[in-house]
Every structure is written in C-alpha cells, then in structure tokens.
1. Averaging sequence separations of C-alpha pairs under 8 Å and six or more residues apart, then dividing by the length of segment B:17-105, give the relative contact order as a whole percent.
2. Can you tell me the FRET efficiency between A:His121 and B:Asp70 if r is taken as the Cβ-Cβ distance and R0 is 56 Å, rounded to the nearest 0.05?
3. Taking the Cα centre of segment A:281-390 as the origin, how large is its charge dipole in debye, to the nearest 20, when only Lys and Arg (+1) and Asp and Glu (-1) carry charge on their Cβ atoms?
4. Please list 3J(HN,Hα) in residue order for segment A:45-54, calculated via the Karplus relation 6.51 cos²θ - 1.76 cosθ + 1.60 where θ = phi - 60°; whole Hz, with x for glycine and proline.
5. Grab the DSSP H runs of chain A that are 4 residues or longer, score each as -39,500 (n - 2.57), total them, divide by all residues and round the 222 nm result to the nearest 500 deg cm²/dmol.
6. Taking neighbour counts of Cβ atoms within 10 Å as a proxy for exposure, in what order, fewest first, do A:Ser93, A:Ser177 appear?
7. Report, in degrees rounded to the nearest 10, the 0 to 90 angle that the Cα long axis of helix B:50-60 makes with the longest principal axis of chain B.
8. Taking a quarter of the surface of the Cα convex hull of segment A:304-390, what do you get in nm²?
Amino acid sequence: MSVPTQKPVRKLSMKQRYSALTHDLDWPLSYVEEDDAFPYTKFEGIKVHDWSKWEDPFRLTVESYNKYQAEKDRRLYAVLDGFAQSQGQLSLSDASYMNAMKIFLQGIPSGEYQAHRNFAHLARYLNGPGARFASLCQSMDELRHAQTEIHTLSHYNKFFGGMHDWNKMSDRVWYLSVPKSFFDDAGTAGPFEWLIAIGFSFEYLLTNLLFVPFMSGAAFNGDLPTMTFGFSAQSDESRHMTLGLEGIKFMLEQDEDNLPIVQAWLDKWFWRGYRLISLVAGMMDYMLPKRVMSWKEAFELYFEEQMLNGLFKDLAYYGIKPPRDVEWAIQEKEILSHQVYWILYQFSHAAAFTTTVPNAQDQAWLAEAYPETWPIYKSVVWDKAQKVMDEGGRYFNPGLPQLCQVCQIPMGFTEPGDPMTQCQRHSIYEGERYDTCSDGCKWIFEREPEKYVQAWLPVHQIYQGNCGGPTLPDVAVWYGLEPGDGGEYVGSMDQLDWAAWHASTVKEG
Amino acid sequence: MPVVAISEYKFPSKSRQELYGDDQLVHVWWKGNPWFVAAGCFRFPKAMPWGDFVGVLKGFYTADPDFVPDSLDSVQWVIDDQEVTPDPSASMEANGVGHKSLVQFSV
Ligand SMILES: [Fe+2]
Ligand SMILES: [Fe+2]
C-alpha cells in the first residue's frame with residue numbers, strides 16, 4: 001500500500017490571500033441576467049462600465065477582520081469592567097456632562113444600526129465583489145458600533161436619568177426625529193445615493209466634526225469608557241472614510257455623465273448632515289463642563305481647513321464643486337451653537353436631558369470663544385432667563401414650535417447677517433404649504449417634494465393625536481420620559497444625586 | 001423634480017388639512033423677539049373668530065415677562081407675507097388664514 005505523498009503547502013501572500021478569500025469568491029453569472037441579480041444599480045442613473053476598477057486598499061478578509069475586532073472589543077470590555085468596579089462615574093467632571101452622553105445614546109446607536117442594515121444591503125446588491133466586500137466590513141462595523149455604544153453607556157444608566165428608554169425615544173421624541181429622519185431619507189434612496197449620503201458626506205466630510213468633539217469631550221471630562229469606545233471605533237472610521245472616498249471617485253471615473261448626479265447628492269447631503277450635527281454644536285459649546293474647543297474652531301479646522309481647502313481641491317479635478325450652501329454654513333459658525341442650545345433650553349421640559357443657564361465660568365469661556373456673538377445672546381436671552389430663575393421661575397416655551405419640513409429642527413435659525421430674525425422659507429406643493437428653515441432645506445424640499453411631504457413631524461403628529469394624547473404629560477408618557485429625565489439641571493435628580501454621592505465620599509474619607 | 005425611484009413614487013402629505021377635521025394648523029411668529037426661539041405651531045378651528053385667536057395669543061405670550069398683552073391690539077398683522085387688518089368678529093378662515101399659514105407681527 002502506498003502512502004500518498006503530501007505536497008508541501010505553499011503559503012499565499014497577504015495580497016493573494018485577500019484576493020482568494022474575497023474577489024475570487026465571485027463568479028460570472030451563467031443562468032441569470034446581471035440586471036436581475038443586481039436590480040438596484042441602474043435606476044439612479046449612475047453609469048458603471050467596469051466594476052473591477054473599485055479599489056479596496058485595506059485587503060481585509062473575514063478571518064482577519066474577526067480576529068482584529070475581537071481583540072479590540074476585548075480591550076473595550078476590560079475597560080468597561082474596570083470602570084464599573086472602581087465606580088468611575090464618580091470621577092466625571094460633573095453630572096451635567098452626562099447630558100451630552102444622553103443625546104449621544106438616544107440619537108447615535110439607532111443611526112449606527114440603520115447604517116449596518118443599509119451597508120448589508122449594499123454588500124448584497126452592488127455588482128462588484130470589491131465594493132460588496134468593503135460594504136460587508138462596514139456593515140459589521142456599524143453593528144458593532146451600535147452594540148459597543150450601548151454597552152459603554154449602560155453603566156451610566158444605573159446612576160443617571162434619561163438613558164433608560166433610548167431605543168423607544170429615538171423613535172418618538174421630537175429632537176430625535178432629526179437623526180431618525182436623516183437616516184430614513186438616506187436609507188430609502190438608491191445604493192449610490194446612500195454611498196454619497198453616508199459613505200462620503202457623513203463619514204468623510206463631517207465625521208471629524210461629529211466624533212472628535214464627543215471623544216475628546218469624553219477624555220476631558222473623565223469619561224474613560226466613551227473615550228475607549230472612540231479609540232476602538234477610530235480604525236473602523238478610517239476604513240469608512242476610504243470607502244466613501246473610493247465610492248465618489250469610482251462614480252466620477254466611470255462616466256462623466258455621473259458628475260451632475262453626484263454633485264446634486266453632495267449638495268443635498270452636505271446640508272442634511274450639517275443640519276443634523278448642529279446638535280453637536282450646541283452640545284460642544286454649552287453642555288460640556290470642561291470644553292475641548294468651540295464649534296467655531298472645530299468647524300474651521302475640520303471642515304474649512306481639511307475639507308474645503310484640502311479635499312475639495314482634489315475633487316475639483318473631477319469637476320466637483322464645494323456644496324452649494326457651504327457659504328451659509330460658514331457664516332453660521334458664529335451663531336449656530338447659541339441658537340441650537342437656546343432651542344434645547346426652552347423645550348427641555350419635553351426632553352430626556354437637562355439644560356441650564358451657562359454659569360459664570362461657562363460665560364467667560366463663551367465670551368472668549370465668541371467675542372462678537374456671545375454678548376448679543378447674553379444680553380437678549382440669557383440674562384433674562386437668569387432673571388426668571390432668580391425670581392423662582394424657569395422659562396419653558398409654553399407651546400410647540402414650527403418645524404422645518406426637511407431637517408425637522410424647530411425653525412430657530414436666522415437670516416444671514418441678522419441674528420434676531422428667524423429664517424422663514426416656504427414652498428407650495430400641490431396646494432399645500434411647507435415650511436423650511438433655510439435656503440438649503442428649501443432647495444432639498446423642492447428637489448424632491450414627494451419625499452418630504454411624508455415627513456413624520458413630531459409637532460404635527462402630536463396635534464393629530466398620534467403621540468399618546470393631547471397634553472404634554474400624555475406625550476411625555478408616550479415618549480417614555482420619567483420624572484428627572486428632562487427640564488432644568490439645577491435642582492434636578494442628577495444634580496442632587498451627584499451632590500449626595502460626593503458629600504458621602506467626603507464624610508467617609 | 002420627481003423622486004428617482006424603482007417604481008411609481010407618490011404618497012399623500014402626512015400633515016394634510018383633512019387630518020385635522022374642522023381645524024387647521026397655524027404658525028404664529030413674533031418677529032424680532034428671540035425669547036420665543038421659533039414661531040409657534042397651533043391647532044385652531046378654521047371657524048374660530050379672529051378676536052378669540054388674539055385672546056389666546058395674549059395669554060400665550062405672557063411666557064415673556066416683558067410682554068404687554070394689550071400691545072397686540074395695535075400691531076400690524078401679516079398673513080402669509082400680506083399686511084392685513086383682520087376683522088375680529090370674522091373667522092380666521094374668512095380673514096385669510098389657511099392650513100399652515102404664517103401669522104406674523106412685531107411689537
Ligand atoms: Fe459607525
Ligand atoms: Fe431645515
């Protein structure tokens with residue numbers, strides 16, 4: 001009997017291995033038409049001649065992906081355990097810091113989950129194996145992001161209000177309809193628009209403006225878990241940025257007819273994304289007890305410097321111009337956070353976070369960061385709000401606000417150059433009137449009115465009786481709000497608990 | 001421009017007037033007063049007399065400690081960008097207020 005001789009195993013190089021385990025798993029279709037197998041890549045008008053031109057510079061395989069991510073997750077969960085055991089929440093800068101994390105938890109993980117689902121869709125329905133595989137990796141990333149964010153913040157839920165029903169809230173509460181409608185808009189578009197909306201505009205153009213403030217805010221304010229989550233997500237983000245950039249370049253290189261379509265998507269999604277992260281502006285300048293940098297500085301560095309003066313110079317080669325409403329955003333950098341926080345302040349009785357008049361230290365910082373605009377807001381609204389407090393009251397808006405049909409934010413943004421006059425834009429479509437907050441949102445509405453007439457505007461839904469009942473207490477119950485979740489920070493349950501924990505620490509020590 | 005879609009894309013407005021029965025939504029904007037960060041959105045009967053509507057506003061705006069209710073008796077009303085002098089006994093509808101109209105004033 002002869003023993004079969006085993007051939008020595010030839011080791012594949014990394015590149016060959018990647019190719020064998022990803023691209024080589026693709027096959028030419030023999031008994032179905034390509035258009036039947038991939039039915040969603042033509043209707044948007046994007047012309048693709050050669051899918052093999054899609055470059056994936058990362059060359060990950062599922063095996064290496066799993067190994068690497070498991071290691072990162074292990075490190076994150078070790079930090080979370082250590083933080084819980086050492087009662088890390090007590091060394092935060094202040095209980096009011098949690099307000100930023102409440103907005104993060106209520107708004108972001110469901111967005112990550114939406115991103116997971118839509119990239120999974122792309123991982124099946126893009127024609128090219130390289131593009132599909134990159135989408136698969138991002139889909140898995142986004143699911144991990146949702147999970148790790150929830151776990152990261154779950155420890156805080158034991159000690160602070162507003163975090164118990166984040167999932168229900170992200171579906172129902174008025175300010176959370178802003179991120180929800182953003183992802184609904186992107187997810188109901190075709191795959192190429194999704195790539196420009198999320199892959200490029202959100203993950204590339206605006207990602208630093210979204211993540212850096214949260215993560216450095218966490219670092220500055222003693223929030224080790226969120227900081228560690230941020231580091232763990234960072235290496236994924238660089239892959240996402242690459243996918244977004246590869247996506248836009250691929251479309252532009254495949255056919256010059258693609259340029260006007262891509263430009264219009266870029267114009268739309270810059271403005272959608274920019275309006276969405278205005279919530280981050282309010283948070284950065286008003287909700288962090290220890291500030292990192294102002295919204296204005298962040299906008300100048302991460303957007304004007306890195307994107308307008310960097311990226312768009314490169315994209316000009318393809319004929320791409322900066323987004324159509326970019327000048328509006330630039331002039332708004334001086335006032336955006338003031339306006340957003342003033343919105344949040346007067347409606348926080350219906351929110352799952354608290355707000356307060358900036359204290360003396362905060363005001364000194366604001367005066368330095370915004371020497372021209374802070375004095376206006378201080379004298380016109382904050383001194384008056386403080387006076388109401390001093391007299392034993394607390395100003396909350398007694399009504400419901402007019403909302404923008406597109407971004408769904410209360411219409412508190414103002415005309416360029418006139419910070420005291422709210423911007424009112426209107427369109428008539430099929431005899432009905434629709435309101436928008438800016439030229440950007442108006443343009444988006446009029447480009448696709450059929451899409452935005454369906455907007456689930458929280459205020460209108462309340463008036464139609466779809467949110468638990470006619471009164472604010474009814475709506476609060478339907479939102480899942482509990483006593484202590486919203487309203488004024490001074491005297492709130494979070495603040496009182498915080499003071500009690502620290503008083504007992506001092507006594508014992 | 002129609003929505004580029006895989007099939008016919010046509011849906012009714014989620015806030016069309018018929019969803020409010022005999023009522024309609026009305027936006028009220030105190031222009032130039034940032035104390036109210038955005039215009040208010042209200043649901044009122046179309047048949048509500050203009051005078052009653054102003055009465056509601058006189059209560060609503062007391063949330064601004066500097067507000068003088070009688071000041072609303074002498075403001076210039078603007079409905080959907082048209083300066084108007086409403087008839088207090090006529091209905092809001094008869095005075096030109098439609099669904100999601102913008103009623104504005106400044107003091
Ligand atoms: Fe993510
Ligand atoms: Fe808007």
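1. 39 percent
2. E(calc), rounded to 0.05, equals 0.40.
3. Around 240 debye, computed over segment A:281-390.
4. x, 6, 9, 10, 9, 8, 5, 5, 6, 6
5. That calculation yields -17000 deg cm²/dmol at 222 nm.
6. A:Ser93, A:Ser177
7. 80 degrees
8. Hull-based average projected area comes out at 7.9 nm².
Just so you know, all these numbers are worked out from the coordinates, no wet-lab data involved. Keep in mind it's a predicted model, so treat the numbers as computed, not measured. FYI the Cβ positions are ideal-geometry reconstructions off the backbone, even for glycines, and counts take in every protein chain you see.
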